[in-house]
1. Is there any pair linking a residue in the stretch 163-174 that is assigned to a loop (DSSP other than H, G, I, E, B) to one that is of a type in the set (Gly, Ala, Ser), with Cβ under 7 Å and at least six apart or on different chains, and which?
2. If a residue has to be within 32 Å of the chain's Cα centre (by Cα) and charged (D, E, K, R) to count, how many in the stretch 2-56 make the cut?
3. Go through the stretch 206-221 and give me each residue that's more than 17 Å from Ser239 (Cβ to Cβ) and either among the basic types (Lys, Arg) or in contact (Cβ under 8 Å) with a residue 60 or more places away in the chain (or both).
4. Identify the residue in the stretch 246-273 that is assigned to a loop (DSSP other than H, G, I, E, B) and modelled with pLDDT of 80 or more and, among all such residues, is most open to solvent (accessible area, probe 1.4 Å).
5. Condition test on Val158, is it in contact with a Cys (Cβ under 6 Å, 6 or more places away or on another chain), closer than 20 Å to Asp125 by Cβ and crowded, with 20+ Cβ neighbours inside 10 Å?
6. Taking the residues in the stretch 1-50 that are in a loop (DSSP other than H, G, I, E, B) and in contact with a Phe, Trp or Tyr (Cβ under 9 Å, 6 or more places away or on another chain) as candidates, determine which candidate is nearest to Leu64 (Cα to Cα).
7. Go through the residues of the stretch 84-103 one by one and say whether even a single one is open to solvent by 50 Å² or more (accessible area, probe 1.4 Å) and closer than 27 Å to Ser239 by Cα.
8. Please state which one of Leu64, Leu111 is under 30 Å from Asp161 (Cα atoms), in contact with a helix residue (DSSP H, G or I) (Cβ under 9 Å, 6 or more places away or on another chain) and touching a residue at least 40 places away in the same chain (Cβ under 8 Å).
Amino acid sequence: MTIRHLQIFVAVADCGKMRAAADRLHISQPSVSQAVRELETYYNVKLFERLSQRIYITETGRKLLPYARHIIDSFENMEGFLNDTSAGNMIRVGGSVSVGTRLLPSLIKRLEEAVPGIDVRVVVDNTAAIEGMIQRSELDIAVVEGIVRSGELVKKDVCDDELMLVVGPEHELFEHPDITLGGLTGHALISRETGSVERNQFEQFLLEHEIRMKNKWSCSNTETIKKAVMNGEGIAILSRLVIEKEIARGEVHALNVENIQMKRKIKLIYHKNKFISQSMERFIEICASVQP
């Protein structure tokens with residue numbers, strides 16, 4: 001069994017088809033089939049079921065997948081280090097949208113100052129997408145807000161954050177920010193895209209309290225949401241991290257809804273089987289020093 005067997009196994013699991021895995025790896029389909037068969041024979045296990053010309057990963061295959069990803073990732077890191085020492089000082093950092101907008105840039109700057117010559121690669125996406133990339137070993141470490149579901153990840157609290165309901169000067173509630181929870185009923189809601197923690201958490205909150213708002217906008221771009229709010233298009237759910245400057249300038253008002261606060265933790269996450277490099281260790285230390 002070689003690292004190539006694991007690379008082919010992961011490609012088949014990701015693509016769901018032998019032909020697609022062969023195309024991704026630029027090898028023949030028979031070579032893919034043979035590698036999977038050799039891996040199954042070597043360990044005397046079944047990794048895929050073949051039914052009606054389709055393949056389905058087995059429970060054994062699902063359990064092998066995270067190990068295979070991390071073995072491949074460690075191997076590639078080792079090769080990069082041996083072939084080019086500068087590549088050995090590379091770290092892939094993820095951030096959810098709110099964190100990536102306001103908190104992550106300062107953390108990355110501190111890391112680059114602390115580790116001269118470090119090669120930092122950054123990805124910003126919603127929390128669900130970042131969590132998936134950590135699980136697939138496409139990122140080394142990340143800082144996200146809200147709920148992280150996977151039990152395979154280490155989670156360390158960094159600081160607190162708060163979800164806020166905000167309106168712009170054109171909105172009828174701008175001059176009357178103190179309202180009851182029921183007063184939200186029927187108002188237009190400007191929210192983040194499906195998969196974002198802000199939207200998921202707030203929509204669950206509304207559901208639990210039987211409050212129905214109109215989903216007018218759904219957008220992945222925070223600046224677009226801010227513009228829509230300022231133009232009076234509706235009420236937005238935003239992290240305090242990304243809206244506090246506009247609140248301070250009086251461009252938007254935060255609604256005081258029966259003194260209800262929706263707080264959540266900003267967390268540092270990485271896979272529990274991940275090898276902790278010196279760069280990762282330094283980044284963990286920097287995150288631990290963030291003031292609440």
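The values are calculated or read from the model by the stated rules, or taken from the named source; none is laboratory data. Because the structure is a prediction, the values reported are computed rather than measured. With ideal geometry, Cβ positions are generated from the backbone for all residues, glycine too; neighbour counts draw on all protein chains shown. These accessible areas exclude ligands, DNA and RNA; they are computed on the full protein's heavy atoms, side chains included. Shrake-Rupley method; radii C 1.70, N 1.55, O 1.52, S 1.80 Å.
1. Between residues of the stretch 163-174 that are assigned to a loop (DSSP other than H, G, I, E, B) and residues that are of a type in the set (Gly, Ala, Ser), the close pairs are Gly168/Gly232; Glu170/Gly232; His171/Gly232; Phe174/Gly168.
2. 9
3. Correct list: Arg212, Lys214, Lys216.
4. Arg249
5. yes
6. If we take residues in the stretch 1-50 being in a loop (DSSP other than H, G, I, E, B) and in contact with a Phe, Trp or Tyr (Cβ under 9 Å, 6 or more places away or on another chain), then Leu47 is nearest to Leu64 (Cα to Cα).
7. Among the residues of the stretch 84-103, at least one is open to solvent by 50 Å² or more (accessible area, probe 1.4 Å) and closer than 27 Å to Ser239 by Cα, which makes the answer yes.
8. Only one candidate qualifies: Leu111.
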